[in-house]
Amino acid sequence: KNQVEQSPQSLIILEGKNCTLQCNYTVSPFSNLRWYKQDTGRGPVSLTIMTFSENTKSNGRYTATLDADTKQSSLHITASQLSDSASYICVVSAPGTASKLTFGTGTRLQVTL
Amino acid sequence: SQTIHQWPATLVQPVGSPLSLECTVEGTSNPNLYWYRQAAGRGLQLLFYSVGIGQISSEVPQNLSASRPQDRQFILSSKKLLLSDSGFYLCAWSVQPKNTGELFFGEGSRLTVL
């Protein structure tokens, strides 16, 4: 069964600190992996997409890594800001339509002063 | 640019009442359209997806239904709501024919069934 597991479930950090969120998946075959940011009460927004051959991809202060051999991904947030407070969802895609997406349950990040 | 509109944003309905959530996409043609439900502490669950007008695929058997009367309009309905239908409903679209997996989500509709 295709699964995506994220850790930690929740995280509280001080503004300005860095943090790393983890995503482990068992989806096969694999097409790509996306990280979404979801603000409370809003729809998710894509941060990064990584295909099988990509190891690292950055989007501003967000850096995603992918190890396709161990089926692990991480999202590193540098110099966190209050606006980073949100849920971060890892989504793994199998080849085909988006009906073959497997969603993680997300990591809820809270950035405090 | 493409935009997606979803309404209503919040809805409180009694058990047994009907439901209609609407979603429209602007700025693109022939998109894939999706309805997801997000329950607290759980990942997004795909309910329905559509690749064209009148073409609906159901992923989870339930008392909900979906329709696509126009190319960029997607409607989620129920004749009689259950308590278990409460949740956050998200409409989304993606590009056809080749899909990279990116979904563009609406702002969501929070449904509370009492």
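What the table below lists for this structure:
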read-out	value
Some residue of segment B:85-92 being facing another protein chain (nearest Cβ under 9 Å), open to solvent by 50 Å² or more (accessible area, probe 1.4 Å) and in contact with a Gly (Cβ under 7 Å, 6 or more places away or on another chain)	no
Only listed residue being over 26 Å from A:Gln38 (Cα atoms), part of a loop (DSSP other than H, G, I, E, B) and open to solvent by less than 50 Å² (accessible area, probe 1.4 Å), chosen from B:Gly43, B:Gly16	B:Gly16
Among residues of segment B:46-56, those that are surrounded by fewer than 14 Cβ atoms within 10 Å (Cβ to Cβ) and assigned to a strand (DSSP E or B), counted	2
Residue in segment B:93-111 that is outside any loop (DSSP other than H, G, I, E, B), within 15 Å of the chain's Cα centre (by Cα) and more than 14 Å from chain A (Cβ to nearest Cβ) present	no
Residue ranges of strands (runs of 3 or more DSSP E) in segment A:15-97 with at least 1 members closer than 25 Å to B:Phe88 by Cα, within 10 Å of chain B (Cβ to nearest Cβ) and at pLDDT below 95	A:32-38, A:45-51, A:86-93
Residues of segment B:23-32 that turn out to be open to solvent by less than 30 Å² (accessible area, probe 1.4 Å) and either at pLDDT below 95 or in contact with a Cys (Cβ under 6 Å, 6 or more places away or on another chain) (or both), as a count	4
Hits in segment B:78-96 (condition: touching a Leu at 6+ places or on another chain (Cβ under 6 Å) and over 20 Å from B:Arg42 (Cα atoms))	B:Ser78, B:Leu81, B:Trp93, B:Ser94
Residues of segment A:12-40 classified as among the small types (Gly, Ala, Ser) and touching a strand residue (DSSP E or B) at 6+ places or on another chain (Cβ under 7 Å), total	1
Filtered residue count, segment A:24-56, keeping only those that are surrounded by fewer than 12 Cβ atoms within 10 Å (Cβ to Cβ) and touching an Asp or Glu at 6+ places or on another chain (Cβ under 7 Å)	0
Verdict on B:Val51 being of a type in the set (A, V, I, L, M, F, W, C), under 24 Å from A:Ile49 (Cα atoms) and more than 12 Å from the chain's Cα centre (by Cα)	yes
Pick from segment A:98-113, criterion polar (S, T, N, Q), at pLDDT 95 or above and closer than 29 Å to B:Trp35 by Cα, ranking: surrounded by the most Cβ atoms within 10 Å (Cβ to Cβ)	A:Thr107
Residue that is farthest from the other protein chains (Cβ to nearest Cβ), among those in segment A:1-14 that are closer than 21 Å to A:Gln110 by Cβ and hydrophobic (A, V, I, L, M, F, W, C)	A:Leu14
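The values are calculated or read from the model by the stated rules, or taken from the named source; none is laboratory data. What you see is a predicted model; the values in this text were computed from it and never measured. Glycine gets a Cβ as well: all are built from the backbone with ideal geometry, and neighbour counts include every protein chain shown. Surface areas here come from the heavy atoms of the whole protein model, side chains and all, with no ligands, DNA or RNA. Shrake-Rupley method; radii C 1.70, N 1.55, O 1.52, S 1.80 Å.
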